[in-house]
Amino acid sequence: MGYFDVKTTDFEYTGSLLPKKGKSYEETLAELEAMEKIEADELHGHLMLYKFSLPQHEEVGKIAKEAHLRYLKKNALFDTVLPGFAKMEKEVKFMAAEILNGDKDTRVNMTSGGTESIYCAMHAAREWARVNKPDISEPEIVAPYSVHAAFSKWCRFTGIKLKRIPLGADYRADVGAMENAISKNTIAIVGSSPCWPYGLFDPIADLAELAQKHNLWMHSDCCLGGYLSPWVEKLGYKLPPCDFRVPGVCSISADLHKYGYSTKPCSTVLYKNEELHKYHQCDVEDWPCGTYHSEGILGSRPAGPIASAWAVMNYLGEEGYLSLAKRTMEVRQRYIDGINSIEDFKCWETDLSVIVFETGELDMLSVLSGIFQKGFVALPVFEPPLVQICPDPVDDDFVDRVLEMLKETRNGVRSGAITADFLFELMA
Ligand SMILES: *Cc1c(COP(=O)(O)O)cnc(C)c1O
């Protein structure tokens, strides 16, 4: 049985699913294993990440898992009674500041993922605006159309207005259009490096200049590339600057559970200095139990992913991250060359690791459908229709398998053997 034989639409509420008497350990484990077998073979979580098929990289995943498991039962909320963990957490923060070109003034908070990092940074921006722009009662954030869905979610939760501004012809933030969109209610400007849909860097330096000119909070969303681009730059690739080297950047979100290679969920939100970090403040006093300190939005939070980040960062070191970054960029180039040699498909020129390709006359969803049918995972972009892939630092054999799969998919869609129906059923 493959994952496409199981449809969530088949599951119905019966009111009698919870066993009266619990199952045995063995039986439960066997059922769990059966479920695990159904999952897509090549699905490695959120991204196509976490596949370490090269022998020299195999231990990265192992050490991440080992550290996570050892801290599985620990609640990071109580880090005051976990001094070992507290030390690791602090070291992860210092290493994060180091990697993202911060300094001793940089302040870092650990979060459960890019979404929470973005919530925290936007919360800080709003608190900052309460003090620095007290006349604003209906705050707005100005962002390029391509920023992550998390910004829309946070704005919905808080009633803040998100102005998604149409992109330039190059699919990057249109600085002029964003400046025109700034109003007396604007509190913050956002840009991504890279953005999720197109793998392109927004001109953060220009946006940050705009923010400074209009006295606004500037957030740089480096969730995807934050723990990859610094190494890629060191390898000699030219990338637009996006971190604290850019004057005017107030906060950065960067996910350790993407190219930082920790387990999930784990991310970081960074603030330029204590002056800005104080607006992150999530402590609460007005309840019966005194000061309730939280790292971010979560209360109880898992220690495992942070221990795993610490272990991976120590295991890899600069050399290890550089080697993974080098391989990731090699893999990206092999994919691009391979995909461009498949008729109908054409890759865009992206800035970092992300690959997006057009499907020519072929229906993008049918192509995606073929990819899923073969047990692989890629993601859709609708405006315009593109297939998006985030590559792992895998071996050449795996790259060849993916390219072969894409070729078969193209032929199947071309001949009409593959349609989008499979995908529609999967999503139903
Ligand atoms: C992944 C991502 C996010 C959200 O991160 P999660 O960890 O999925 O919550 C935000 N922005 C960008 C650019 C991302 O790639």
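The values are calculated or read from the model by the stated rules, or taken from the named source; none is laboratory data. Treat the numbers as computed from the prediction; the structure is a model and nothing was measured. We place every Cβ from the backbone using ideal geometry, glycine too, and count neighbours over all the protein chains shown. To get the accessible areas, we keep the full protein, side chains included, count just its heavy atoms, and leave off ligands, DNA and RNA. Shrake-Rupley method; radii C 1.70, N 1.55, O 1.52, S 1.80 Å.
Worth a mention:
- When 182, 160, 118 are checked against the criterion of being away from the ligand (no atom under 16 Å from the Cβ), in contact with a His (Cβ under 8 Å, 6 or more places away or on another chain), of a type outside the set (Lys, Arg) and open to solvent by less than 40 Å² (accessible area, probe 1.4 Å), a single residue qualifies: 182.
- Strands (runs of 3 or more DSSP E) (entirely within segment 319-428) containing at least 2 residues that are surrounded by fewer than 18 Cβ atoms within 10 Å (Cβ to Cβ): 379-381
- Residue pairs whose Cβ atoms lie under 9 Å apart, separated by 6 or more positions or on different chains, with the first residue in segment 142-153 and over 7 Å from residue 165 (Cβ atoms) and at pLDDT below 95 and the second open to solvent by less than 40 Å² (accessible area, probe 1.4 Å) and hydroxyl-bearing (Ser, Thr, Tyr), do not occur.
Residues checked against (1) open to solvent by 20 Å² or more (accessible area, probe 1.4 Å); (2) within 12 Å of the ligand (Cβ to nearest atom):
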| residue | (1), (2) |
| --- | --- |
| 232 | no, no |
| 236 | yes, no |
| 241 | yes, no |
| 244 | no, no |
| 252 | no, yes |
| 255 | no, yes |
| 260 | no, yes |
| 265 | yes, yes |
| 268 | no, yes |
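- Residues satisfying the criterion are present in segment 22-41 (criterion: modelled with pLDDT under 75 and either in a helix (DSSP H, G or I) or among the acidic types (Asp, Glu) (or both)).
- Counting only residues that are open to solvent by 40 Å² or more (accessible area, probe 1.4 Å) and either touching a strand residue (DSSP E or B) at 6+ places or on another chain (Cβ under 8 Å) or of a type in the set (A, V, I, L, M) (or both), segment 96-112 holds 1 of them.
- Pairs linking a residue in segment 79-99 that is on the phi > 0 side of the Ramachandran plot to a residue that is assigned to a helix (DSSP H, G or I) and buried (at least 18 other Cβ atoms within 10 Å of the Cβ), with Cβ atoms under 7 Å and 6 or more positions apart or on different chains, do not occur.
- Residue within segment 277-286 that is within 15 Å of the ligand (Cβ to nearest atom) and open to solvent by less than 10 Å² (accessible area, probe 1.4 Å) present: no
- Looking only at residues in segment 126-146 that are within 16 Å of the ligand (Cβ to nearest atom) and open to solvent by less than 10 Å² (accessible area, probe 1.4 Å), the one that is nearest to residue 273 (Cα to Cα) is 141.
- Evaluating residue 164 against the criteria (1) without any contact (Cβ under 8 Å) to a residue 24 or more places away in the chain; (2) more than 21 Å from the chain's Cα centre (by Cα) leaves one unmet condition, (2).
- Options 65, 87: the member that is modelled with pLDDT of 95 or more and open to solvent by 40 Å² or more (accessible area, probe 1.4 Å): 87
- Applying the criterion of being buried (at least 24 other Cβ atoms within 10 Å of the Cβ) and acidic (Asp, Glu) to the residues of segment 201-230, the residue that is farthest from the ligand (Cβ to nearest atom) is 202.
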